[in-house]
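Q: First the structure, which I've put down as structure tokens, then a few questions once you've had a look.
No lab work stands behind these numbers, since they all come straight from the coordinates. Keep in mind it's a predicted model, so treat the numbers as computed, not measured. Cβ placement follows ideal geometry from the backbone for every residue including glycine, while neighbour counts extend to all protein chains displayed.
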Amino acid sequence: MDMDVLEFNVVEEEDGYVARWDNPIGGGITTEGDSLPELLDMVKDAVSGYFDPPGRTVRVELNFVAKPAFLVPA
């Protein structure tokens, strides 16, 4: 059974998480949640509403992206 795989990049922000998937042919999905459980619900909802016709099964993979930070004397 062939199944589409959507790889979301997830970044932790000060007030929650942002998940983004870019469709290679244009468009995509960006959603956010205040907590990880809320983000998962938002991703599920966004993915289920993205495809037409509905009812398609896709595999969602979350890639947590670190935001490296460092201090520089000014």
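Q: Exactly which trypsin sites (Lys or Arg not before Pro) in the stretch 19-74 are in a DSSP loop and have at most 14 other Cβ atoms within 10 Å?
A: Arg56
Q: Scan the chain for GluC sites (Glu not before Pro) in coil per DSSP, keeping those whose Cβ has at most 10 other Cβ atoms within 10 Å, and list them by number.
A: Those that pass, being in a loop and sparsely packed, are Glu14.
Q: Sticking with this one: Could you tell me the largest-minus-smallest coordinate of the C-alpha atoms of the chain on each of the three principal axes, in descending order and whole angstroms?
A: That gives 54, 25, 21 Å along the principal axes, largest extent first.
Q: Continuing with the same structure: What is the fewest-to-most order of Phe8, Phe70, Phe51 by other Cβ atoms lying within 10 Å of their Cβ?
A: Fewest-to-most ranking of Phe8, Phe70, Phe51: Phe70, Phe51, Phe8.
Q: Okay, next question. If you line up the long axis of helix 36-50 against the longest principal axis of the chain, both from Cα atoms, how many degrees apart are they, to the nearest 10?
A: With both axes taken from Cα atoms, the answer is about 40 degrees.
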